[in-house]
Amino acid sequence: MKSFASDNYAGVLPEVMEAMNNANSEHARSYGADEVTKRVTNLFREVFEADAEVFFVFNGTGANVLSISSATHSYNAVLCSDTSHIYNDESSAPETFTGCRFFPLTANDKGKLDISTISDRLIRKGDIHYPQTAMISITQTTEYGTVYKPEEIKAIAALAKENGLYLHMDGSRFFNAAASLGCSLSEISSKAGVDILSLGGTKAGMMFGEAVVVFNKELAKHIAYKHKQTMQLASKTRFIAAQFEAMLQNELWRKTATHANKMAELLCKHLTKNRSVKITKSVQANAVFAEIPRHWYEPLQEHYPFYVWKDSTHEVRLMCAWDTKEEEILEFVKAIDALPH
């Protein structure tokens, strides 16, 4: 089976497997006190060009919950896109663990939050009858597979700072965004004014694990305790850290993310040739959104799983991963061309 459902379906990069095996050679201190974790934390600081604090976690939901809880109280509110993962796809975990109210703001046609949309929700400050906004959360890449440019992030960060808010970035596909923009990791995070980043590893080719990267020192004061409280502190932290070391060294992340992005471009190119397919979103990273005939769902999904994004318009999401091959895309397109229109 070859899936276009999610980059989570893909296996593990060989370099990551090797890194985990190397970390398995002897005993090491637990709960992040080991030499591998210390070394990789310093690597993060070098790559992100910032004196950041790094906390390794098990999964993306945990990364987001830890990030948000480090900056909020239960009487606070978080502003996010109405298409965001934290609002639509993490059940009620963010609200349950933080106690915050999440306000979904209407994303534009590119899946991004506009400055004007955010500004319109910055209301009732100091009103005890209303949840007090403490954080803006944006997703990179967006749920539509589009990318926030550095200047867009800086504008949102400036608005957040002006209003005494923190800026969180849900970066489950952060590497794909940086590869798409051809920029450094710091240009769309630390240098752009992001306070705290949930950095995805699993979708990029790791076995498991994500990282919370804290750029704002104020948020670093209590986050270590939150790390434990949210049940995201791994006793054998080195096995998550070692995977990120493989990803960050020699920019392995850029090589694999660039490949996934290029496969999505290729898939889009071939799909546009079919008159029964309508590409609905700009392809900027490793996702292709398209409207297809409803009767195609079952015959295609039998061999090539994918997610239906919006059933009312027959819009589907097709994801490419680090291990997607050109011949697999051609086989998928061939299967589509053979279906009745």
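Assorted remarks:
- Highest to lowest packing among 131-141, 195-205, scored as the average C-beta count within 10 Å: 195-205, 131-141
- Euclidean distance between Cα centres, segment 176-240 to segment 96-122, Å: 21 Å
- Whether segment 252-337 is rounded, prolate or oblate, judged on the alpha carbon gyration tensor where a/c under 1.5 counts as rounded: prolate
- Of the labelled figures (i) 60, 56, 32; (ii) 93, 43, 39; (iii) 64, 59, 39, only one reflects Cα extents along the principal axes in Å as derived from the coordinates, namely (i).
- Of all aspartates and glutamates in the structure, the ones whose alpha carbon falls short of 17 Å from that of Lys310, not counting any fewer than 8 places away in one chain, are Asp82, Asp89, Asp109, Glu143, Glu291, Glu298.
- Protection proxy ranking, peptides 11-19, 165-173, average beta carbon neighbours within 10 Å, highest first: 165-173, 11-19
- Cross-link pairs exceeding 22 Å between alpha carbons, from the set Lys125/Lys161; Lys2/Lys149; Lys2/Lys334; Lys112/Lys191; Lys38/Lys236: Lys2/Lys149.
- Total charge dipole magnitude, segment 12-251, about the Cα centre, Cβ charges on Lys, Arg, Asp, Glu only, Debye to nearest 20: 520 debye
Each value in this text was obtained by applying a stated rule to the coordinates, not by laboratory testing. In this text, all values refer to a predicted model and were calculated from it rather than measured experimentally. Neighbour counts run over all protein chains shown; Cβ positions are idealised from the backbone, glycine included.
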